[in-house]
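Single-structure report; data block below.
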Amino acid sequence: MRERLARVFEALREASPFASLDEARTTLERIMRQVEDELSGVPEDPDADTKTVSDGRMYPPTDRRELKTDCRSVRTFRQTAHRTSFGINGAIRVERIDGTTVLDLFGKDGRSIDDLRRENVNEQNPKAEGTSGSRVSGGEA
Amino acid sequence: MNKIQKLKAHLDLEYPEAKLELSAPAHKDGAWWLDVVLNGKHLVIEWSPSTKFGVTTPNSNSFAENADEAYSSLAEIKKRVDQLLVNDERTSPPVAVLLARLRERRGITQKQLASKLGVRQASISGLERREDVQLSTLRKVVHALGGCVQIYARFPEGRFALEDPLCKSGVVDIEDDDSEGPLSSEIEAFVQLKSCGKIEQALNLADRIKKNHSVIELV
């Protein structure tokens, strides 16, 4: 699993930055499918999203697993032990459920998932503290 | 109140010291998630109107896979969650998935394992997708990975360890818990078979007990 996951993250870092949420999401889906086809030994089950128990293969997040959030510029998906967030600017963040960030890629505009969330808070509550500053590098935390 | 909200209400009542977090889906028929943390143990429970309850005790390798175990009814998931929170137990995925995880953890590819066992890689791939695996096959694979198989039959009265004959000369040991409850007829029969040296019959009985009551742990 570690090797397969490392391969997915490595390929995502190489392919980033992405310009849109759709581009980020479809690239993650394509890369995960390629890595799992090559390394997992488990053929893709097209119905895996409707099944409860693991078949040993990693699957990308699906709409059914999207969480309800207040942030309009970030879509967050839950899977058993982690959350994957996609920003409208192509940013991606993968967090374990203990809060550890394992992948944090900025969008093509240089903004991270954190930046988008802060901006969303500021829009909803203009008097709130917080900035929308951007950083310039992304990668595994 | 939906089924997972009812489960949360049950856990709120039964385990007031537990930290519970329920996450709602963005879409009407999407998945709900309930995280339960108690005494350092974390359970992840998933439910949606169109699927069963899924439950997993995640570890650092858990990523992007479905749940380890599935339960259809609220009563079943309540019972399993109680077991997991009260006992020192972890969830267990299907044996085939567990085998694949063990192989990866040992840093061995399907091809290398096939070579060790003198079979084709396709056989290992098939084995890791099979819903049921013979105990003899399980033993061979685990030995090839450098380990041995132990099967425990767990009862309220105690835990029974059936040692792998290739690891410990076919001796069947009993590990008693502190419980003073009476032994069931099945356990008494098992003890009698074991003490008479009828190991094969004892193993068969343990297999039946395992199917009805226990968990398989690969160590």
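The values are calculated or read from the model by the stated rules, or taken from the named source; none is laboratory data. A quick note: this is a predicted structure, and the numbers were derived from the prediction, not measured. Neighbour counts are summed over all protein chains in view; Cβ atoms, including those assigned to glycine, are modelled from backbone coordinates with ideal geometry.
Residue-by-condition table, conditions (1) at the interface with chain A (Cβ under 7 Å from one of its Cβ atoms); (2) within 23 Å of A:Leu5 (Cα to Cα); (3) more than 21 Å from the chain's Cα centre (by Cα); (4) surrounded by fewer than 20 Cβ atoms within 10 Å (Cβ to Cβ):
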{"site": "B:Tyr15", "(1), (2), (3), (4)": "no, no, yes, yes"}
{"site": "B:Pro58", "(1), (2), (3), (4)": "yes, yes, no, no"}
{"site": "B:Ala64", "(1), (2), (3), (4)": "yes, yes, no, no"}
{"site": "B:Lys79", "(1), (2), (3), (4)": "no, no, no, yes"}
{"site": "B:Asn87", "(1), (2), (3), (4)": "no, no, no, yes"}
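Only residues that are in contact (Cβ under 8 Å) with a residue 40 or more places away in the chain and facing another protein chain (nearest Cβ under 10 Å): list them for the stretch B:105-130, please.
Restricting attention to the stretch B:105-130, the residues satisfying the condition of being in contact (Cβ under 8 Å) with a residue 40 or more places away in the chain are B:105-106.
B:Arg105 - this is the single residue of the stretch B:105-130 that is in contact (Cβ under 8 Å) with a residue 40 or more places away in the chain and facing another protein chain (nearest Cβ under 10 Å).
For every residue, the table says whether it meets (1) over 23 Å from B:Glu128 (Cα atoms); (2) surrounded by fewer than 20 Cβ atoms within 10 Å (Cβ to Cβ); (3) within 11 Å of the chain's Cα centre (by Cα).
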position: A:Glu23; (1), (2), (3): yes, yes, no
position: A:Thr50; (1), (2), (3): no, yes, no
position: A:Arg57; (1), (2), (3): no, no, no
position: A:Lys68; (1), (2), (3): yes, yes, no
position: A:Thr84; (1), (2), (3): yes, no, yes
position: A:Thr100; (1), (2), (3): yes, yes, no
position: A:Ile113; (1), (2), (3): yes, no, yes
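Within the stretch A:61-80, how many residues turn out to be at the interface with another protein chain (Cβ under 7 Å from one of its Cβ atoms) and assigned to a loop (DSSP other than H, G, I, E, B)? Steps first, please.
If we filter the stretch A:61-80 for residues that are at the interface with another protein chain (Cβ under 7 Å from one of its Cβ atoms), which is where we start, we get A:63-68, A:78-80.
Going one step further and asking which of them are assigned to a loop (DSSP other than H, G, I, E, B), we end up with A:68, A:80.
Selection size over the stretch A:61-80: 2.
How many residues, within the stretch B:45-58, are in contact (Cβ under 8 Å) with a residue 24 or more places away in the chain and not in a strand (DSSP E or B)? Break it down stepwise before answering.
As a first pass, look at the stretch B:45-58 and keep what is in contact (Cβ under 8 Å) with a residue 24 or more places away in the chain: B:45, B:47, B:49, B:53, B:55-57.
Those still in the list that are not in a strand (DSSP E or B) too: B:49, B:57.
Residues meeting the conditions: 2.
Would you check if B:Lys6 is at pLDDT below 95 and surrounded by fewer than 21 Cβ atoms within 10 Å (Cβ to Cβ)? If you could, list the steps in order and put the result at the bottom.
Details: at pLDDT below 95: no; surrounded by fewer than 21 Cβ atoms within 10 Å (Cβ to Cβ): yes.
The answer is no for B:Lys6.
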